[in-house]
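See below for the structure under consideration.
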Amino acid sequence: MTYPTRTIALLCELLHPPVPPDPRPIQRLHNEMFEGGQPAYAGFQVSALGPVLSNPVATPGGVSQVAFLADRFQFREERGSLTHETFAAQVREIAERAAPLRGVPVYSGQQIVLRSLVNPKTTSDTRTFLRRRVFGFGDELDALGRSPQLVGLRLGFGPDSEEENAFGLRIESYNPDPRSLYIEVQGSFGPAVASQGLEALETNVLRTYGFLVEKVLPFLATFDRRETDGNGTPPTD
């Protein structure tokens, strides 16, 4: 069973040793991108925490920016139209261009967060879907005295003998729309040395999205099926 994902946030932090909060290298980066044509970000400004490159977003509450803080580059794409492939390539491009200008020899770690919405195909209420199908609860939650307005699951996957990175996973009902599941995947990756190439920064974003599509969605699909009672009649949610 396949599901169309509606990505609502793409976030990435590239950690690095602290550097002075000088906005001039990022202003040079901004100018270089404009001179090369089709810049990744249209705007440049200096905030209280550091320089920021940004794009306008038409969607209310949308954000498209990268902030250059003292110890990290912080990418945020929220409620925009950027695909995960474009976001991954953008992270790599900015990291490659900014490293020599900012004097960053190594990115000590990469943290990625993807947030998506998915609609199960056999239910109209994801609270019931999680409570009864995924967790297998009957009336046990009644002992708490109140009906939960949000139902969710949180899992952590640490490094092992085959994978050095870690993944975190949250699956929850989504209050603005009870038909949708909220899925958040967090990927944590190790260092990347600028002089040795930064292709891994792009690959890591794609791997995190791949975990969502190739692992999380098939996991949910095992519960997303029509159940029947003893007479072969599907029960109602």
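The values are calculated or read from the model by the stated rules, or taken from the named source; none is laboratory data. Fair warning: this is a prediction, and the values are worked out from it, not measured in the lab. Here Cβ is always computed from backbone atoms with ideal geometry, including for glycine, and neighbour counts include all displayed protein chains. Remember, those area values only see protein heavy atoms, side chains included, never the ligands or the DNA or RNA. Shrake-Rupley method; radii C 1.70, N 1.55, O 1.52, S 1.80 Å.
A few comments on the model shown:
- Using R0 = 41 Å, the C-beta based FRET efficiency linking F34 and E162 works out to 0.40.
- Rh (Kirkwood; distinct C-alpha pairs) - the stretch 168-224, Å: 13.3
- The stretch 116-237 - percent of accessible surface contributed by carbon and sulfur, probe 1.4 Å: 49
- Compared with the dominant principal axis of the Cα atoms in the chain, helix 24-36 is inclined by about 80°.
- Between V46 and R170, the FRET efficiency estimated from the beta carbon spacing at R0 = 41 angstrom works out to 0.75.
- Per-residue extension of 0.36 nm, minus the Cα-Cα distance of R225 and A89, leaves a gain of 45.3 nm for this segment.
- Relative to the longest principal axis of the Cα atoms of the chain, the long axis of helix 199-211 lies at roughly 10 degrees.
- Accessible surface for the chain, divided over its residues, is 53 Å² per residue with a 1.4 Å probe.
- FRET E, pair E214, D22, Förster distance 35 Å, beta-carbon r, rounded to 0.05: 0.25
- Taken over the stretch 1-136, the ratio of Cα radius of gyration to 2.2 N^0.38 Å equals 1.28.
- Taking 0.36 nm per residue of sequence separation and removing the Cα-Cα distance, the S147/E199 pair yields an extension gain of 14.0 nm.
- 9 Å beta-carbon shell around R92, net charge (K/R +1, D/E -1): -4
- q = 0.11 Å⁻¹: log10 I(q)/I(0) that the Debye formula gives for the chain, counting C-alpha atoms only: -0.66
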